Amino acid sequence: GDSVTQMQGQVTLSEDDFLFINCTYSTTWYPTLFWYVQYPGEGPQLLLKVTTANNKGISRGFEATYDKGTTSFHLQKASVQESDSAVYYCVLGERSNMGYKLTFGTGTSLLVDP
Amino acid sequence: EAAVTQSPRNKVTVTGGNVTLSCRQTNSHNYMYWYRQDTGHGLRLIHYSYGAGNLQIGDVPDGYKATRTTQEDFFLLLELASPSQTSLYFCASSDGTVSNERLFFGHGTKLSVL
């Protein structure tokens, strides 16, 4: 089945630092890739969708791209703020004859120090 | 904004106990999902459904049953609860179409099995 690997479990940055998170994926289907964000006490919410290879998804200052050749996708932000502290999940969408499901990575917990 | 409501918010039971977690969505979405969230594992899919009476097996289904009684309501059943099922459970819904794949999550149910 589909899988997604997210190696960075925890990242600590200072305000205005550059953020880069990457994931790799494995699928036998054409991938639909997303980034979800989860704030304390809430359920995850969609941050952005990466539409096609070499096309960026952009939302709230975050950018996401994916590389079909290396089956990897990335989330970055030029200058993080304390309010960006949250858990970020890379997510792989799979559409098959059993319907539509999303597989989540293990999450990257971002802490931004003021 | 799509609304997904889970109940109860917290539940404590004993090993071998019988637990039912409830989820209701009021957005006429086709798809509903149950995930569990654990440190180091991210969100893992237990069961999902694409309509009333339909049930699909997720990635970690052992020890869980689910039932979709109506378009709005999706239940997760633990008939013989075990301590390994102590977790934070999230329900989500989605239209599931290519143009509208976003998942909307509830606030979660924290389950403790003693």
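FYI, it's all coordinate maths here, none of it is from the lab. Not measured: the values here are computed from a predicted model. Counting neighbours? That spans all protein chains shown, and the Cβs are built from the backbone with ideal geometry, glycine included.
Quick notes
- Inter-centroid distance (Cα atoms) of region B:81-112 relative to region B:22-46, Å: 2
- Each part reduced to its alpha carbon centroid, region B:48-73 and region A:60-98 end up 28 Å apart.
- Summary value for chain A: 36 percent relative contact order, contacts being C-alpha pairs under 8 angstrom separated by 6+ residues.
- Long-range HN-HN contacts of A:ASP17 with modeled amide H, under 5 Å: A:VAL80
- Inter-label distance, nm, simple model (7 Å from Cα along the C-beta direction), A:TYR30/A:ASP67: 2.3
- Reach of B:LYS110 by Cα under 24 Å, taken over lysines that are not fewer than 8 positions away in the same chain: A:LYS101, B:LYS11, B:LYS65
- For region B:10-18, putting each phi into the Karplus relation 6.51 cos²θ - 1.76 cosθ + 1.60 with θ = phi - 60° gives couplings of 9, 8, 10, 9, 10, 4, x, x, 10 Hz, in residue order, rounded to whole numbers and with x for Gly and Pro.
- Residue by residue along A:107-114, Cβ atoms of other protein chains within 10 Å of the local Cβ number 1 on average.
- Nearby aspartates and glutamates by direct alpha-carbon distance to A:LYS49 (threshold 15 angstrom, same-chain neighbours under 8 apart not counted): A:GLU63, A:ASP67, A:GLU94, B:GLU101
- Coarse-grained scattering of region A:20-80 at q = 0.14 Å⁻¹, given as base-10 log I(q)/I(0) from a Debye sum over alpha-carbon atoms: -0.40
- Placing dummy labels 7 Å off each Cα toward the beta-carbon, the span from B:SER99 to B:THR26 is 2.6 nm.
- Residue exposure sequence - A:THR65, A:THR103 - by fewest surrounding Cβ within 10 Å: A:THR65, A:THR103
- Most simply put, chain B has about 90% antiparallel DSSP beta bridges, counting only bridges with both residues inside it.
- Among B:MET32, A:MET7, a tally of other beta-carbon atoms within 10 Å of each Cβ gives an order, fewest to most, of A:MET7, B:MET32.
- Loop trypsin sites (Lys or Arg not before Pro), region A:23-114 (other Cβ atoms within 10 Å of the site Cβ: 12 or fewer; DSSP): A:ARG60, A:LYS68
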